[in-house]
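Please read the structure below before turning to the comments.
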Amino acid sequence: IASVGAVCDLDLVVIGGGVAKSGDVLFDPLRAALADYAGLDFLAGLRVVPAALGGEAGLVGAARLAGLS
């Protein structure tokens, strides 16, 4: 995440699908590791959040793409 954030100059990373359902079990250690690993100043503000649609994000995106919503 830190590498892609550096290359693409990201401010926000959204994790969706079933992985997003893991909640604090995943996101707390991930954020701590990111803070330690991301050594560049502009990565200090990089946020990692679960997708608002959780596990349904892929289905909603596919339906939107197909014009069903």
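Overview of results
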quantity: Counted residues, the stretch 27-52 - those being open to solvent by 50 Å² or more (accessible area, probe 1.4 Å) and under 12 Å from the mean Cα position of the chain (by Cα); calculated: 4
quantity: Top-ranked residue in the stretch 1-43 [being charged (D, E, K, R) and part of a helix (DSSP H, G or I); ranked as modelled with the lowest pLDDT]; calculated: Asp41
quantity: Pairs where the first residue, in the stretch 58-69, is closer than 12 Å to Gly17 by Cα and the second is exposed (fewer than 10 other Cβ atoms within 10 Å of the Cβ) and modelled with pLDDT of 85 or more, C-beta under 6 Å, 6+ apart; calculated: none
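The values are calculated or read from the model by the stated rules, or taken from the named source; none is laboratory data. The shown structure was predicted, so the numbers you read here are calculated from the model rather than taken from an experiment. Reconstructed Cβ throughout: ideal geometry from the backbone, glycine too, with neighbour counts over all protein chains shown. These accessible areas exclude ligands, DNA and RNA; they are computed on the full protein's heavy atoms, side chains included. Shrake-Rupley method; radii C 1.70, N 1.55, O 1.52, S 1.80 Å.
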